[in-house]
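First the structure, in the form of structure tokens, and then the observations on it.
The values are calculated or read from the model by the stated rules, or taken from the named source; none is laboratory data. Computed from a prediction, not measured in an experiment: that's the story for all the values here. So basically every Cβ, Gly included, is an ideal-geometry build from the backbone, and we count neighbours across all protein chains shown. Surface areas here come from the heavy atoms of the whole protein model, side chains and all, with no ligands, DNA or RNA. Shrake-Rupley method; radii C 1.70, N 1.55, O 1.52, S 1.80 Å.
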Amino acid sequence: MEQVLTKQVAEDKLRLGKYEFTSRLFVGTGKYPSLEIMREALEASGTEVVTVAVRRLNLKDPSGESLLDYIDTKKYTILPNTAGCYSAEEAIRTAYLAREAGFSDIIKLEVLGDERTLLPDPVDTLKATKQLVKDGFTVLVYTSDDPIIARKLEDEGATSVMPAGAPIGSGQGILNRNNIRIILENTKVPIIVDAGVGTASDVTVAMELGCEGVLLNTGVALAKDPVKMARAMKLACESGRLAFLAGRISKKLYAKASSPEKDF
């Protein structure tokens with residue numbers, strides 16, 4: 001039975017444009033106690049996609065020690081992100097910089113609107129999405145859990161819409177499940193929860209709702225044991241996905257006996 005389930009997981013691919021992945025867990029590279037622990041956590045998570053802030057990379061002096069020295073680029077797909085950008089123009093420029101530095105055309109777009117909350121600027125996010133799609137990028141877009149904005153991002157050509165479960169780094173989990181459900185109902189592109197995950201059960205919730213994946217960083221990096229938490233997140237992602245595919249029973253107000261009412 002275990003072999004059957006393992007095969008089902010392996011055959012259940014996540015497709016993002018021309019890219020295809022078995023793991024549905026995307027993991028970030030910031031805030032770890034050390035780069036060695038980061039490398040161990042990435043391994044334990046089973047991820048195939050590692051997201052890196054372009055601003056953290058020393059692209060001008062590749063001879064020095066780099067974050068990428070601790071990431072096996074033959075094993076992982078590097079997903080550069082535009083973290084720290086507060087305008088469409090700045091985010092677009094950062095995406096071009098990543099592509100010119102030799103990364104692929106896939107980009108995680110972030111256009112922030114406020115330094116305190118790190119909430120996205122919906123107007124500039126839409127503007128940057130439209131331009132980057134036009135210029136041939138595979139755009140995965142960080143956004144709020146607003147179903148209307150999610151649909152507009154899809155209309156602009158986003159490959160994936162990535163609504164926040166909760167504010168970045170807050171660890172509060174999925175605060176508004178209803179909005180995530182509405183987004184899932186009203187869009188056709190893969191929905192990947194991005195931000196706010198604090199522990200493994202948060203990942204399971206997102207996957208059981210029907211999300212195609214989860215992107216996280218702080219929940220692993222700042223855990224007391226990042227490597228153990230990374231492993232927990234991996235298992236939670238897999239179990240949540242299997243539960244979604246299996247189909248949960250409907251909720252009822254009253255008890256219903258699990259034994260048959262009549263013997264056969």
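Here are the numbers for this structure:
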{"item": "Segment 112-143: number of residues that are more than 14 Å from Gly17 (Cα to Cα) and either part of a loop (DSSP other than H, G, I, E, B) or open to solvent by 30 Å² or more (accessible area, probe 1.4 Å) (or both)", "result": "17"}
{"item": "Residue match in segment 164-183 (condition: polar (S, T, N, Q), within 23 Å of Asp105 (Cα to Cα) and out of contact with any Pro (no Cβ under 9 Å at 6 or more places or on another chain))", "result": "no"}
{"item": "Every pair of residues 6+ apart whose Cβ atoms lie under 6 Å, when the first sits in segment 187-203 and is at positive phi while the second is open to solvent by less than 10 Å² (accessible area, probe 1.4 Å)", "result": "Gly196/Gly165; Gly196/Ala166"}
{"item": "Strands (runs of 3 or more DSSP E) wholly inside segment 11-93 containing at least 3 residues that are in contact (Cβ under 8 Å) with a residue 24 or more places away in the chain", "result": "14-16, 25-28, 49-53, 77-81"}
{"item": "Residue that is farthest from Arg151 (Cα to Cα) [pool: residues in segment 86-122 that are of a type in the set (D, E, K, R), out of contact with any Phe, Trp or Tyr (no Cβ under 7 Å at 6 or more places or on another chain) and modelled with pLDDT under 95]", "result": "Glu100"}
{"item": "Subset of segment 88-104 [hydrophobic (A, V, I, L, M, F, W, C) and more than 13 Å from Phe137 (Cα to Cα)]", "result": "Ala88, Ala101"}
{"item": "Checklist (1) part of a helix (DSSP H, G or I); (2) open to solvent by 50 Å² or more (accessible area, probe 1.4 Å); (3) touching a strand residue (DSSP E or B) at 6+ places or on another chain (Cβ under 6 Å) applied to Ala98, failing item", "result": "(2)"}
{"item": "Single residue of segment 42-73 satisfying the filter (more than 20 Å from Gly219 (Cα to Cα) and among the acidic types (Asp, Glu)) that is modelled with the lowest pLDDT", "result": "Asp61"}
{"item": "Residue match in segment 144-151 (condition: acidic (Asp, Glu), within 21 Å of Leu216 (Cβ to Cβ) and not in a loop (DSSP other than H, G, I, E, B))", "result": "no"}
{"item": "Segment 142-164 residues that are in contact (Cβ under 8 Å) with a residue 40 or more places away in the chain and at negative phi, paired with ones that are buried (at least 22 other Cβ atoms within 10 Å of the Cβ) and among the basic types (Lys, Arg) (beta carbon under 8 Å, 6 or more apart)", "result": "Tyr142/Lys108; Met162/Lys108"}
{"item": "Total residues in segment 172-186, condition surrounded by fewer than 19 Cβ atoms within 10 Å (Cβ to Cβ) and assigned to a loop (DSSP other than H, G, I, E, B)", "result": "3"}
